[in-house]
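Contents: one structure, followed by commentary.
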């Protein structure tokens with residue numbers, strides 16, 4: 001194979017890899033303390049669609065004016081209530097943090113790899129290296145021989 005054909009093959013492989021690559025972006029949603037319930041559900045559905053596409057979602061509780069001086073625990077609770085509205089399965093990449101505009105949290109999609117679920121019942125058979133209990137007749141024979 002000549003060098004020109006080699007270069008062509010390498011460029012072709014690079015183009016294919018580039019088209020198959022998925023760029024993950026961090027999408028952002030701003031929520032205010034006084035945002036209505038319907039708007040919250042609409043924004044939660046949008047966040048779910050972004051999570052399905054594989055993007056990270058930054059949910060920001062935007063604080064302006066007097067809202068900046070409210071109780072932080074109340075504001076964090078407000079942000080957590082919005083996160084619970086997201087219908088898609090997610091994991092929290094970064095917990096609630098205070099930023100320059102307010103509080104924010106970052107969500108990302110749960111990995112698609114099948115992980116072992118701890119709630120599932122496991123196999124109850126004993127491993128081969130653990131001896132099973134002796135049967136009752138053998139145990140009784142030991143007692144008789146020792147007396």
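Throughout, read-outs are computed from the coordinates displayed, never taken from laboratory work. Only a predicted model underlies this, so the values are computations on that prediction, with no experimental measurement involved. All Cβ positions, even for glycine, are placed from backbone atoms using ideal geometry, and neighbour counts span all protein chains on display.
If you check 68, 91, 76 for being free of Cβ contacts under 8 Å to residues at least 40 places away in the same chain, surrounded by fewer than 18 Cβ atoms within 10 Å (Cβ to Cβ) and within 19 Å of the chain's Cα centre (by Cα), only one passes: 91. Scan segment 1-40 for residues that are surrounded by 10 or more Cβ atoms within 10 Å (Cβ to Cβ) and within 19 Å of residue 55 (Cα to Cα) and jot them down. Across segment 1-40, the qualifying residues are 24, 25, 26, 27, 28, 29, 30, 31.
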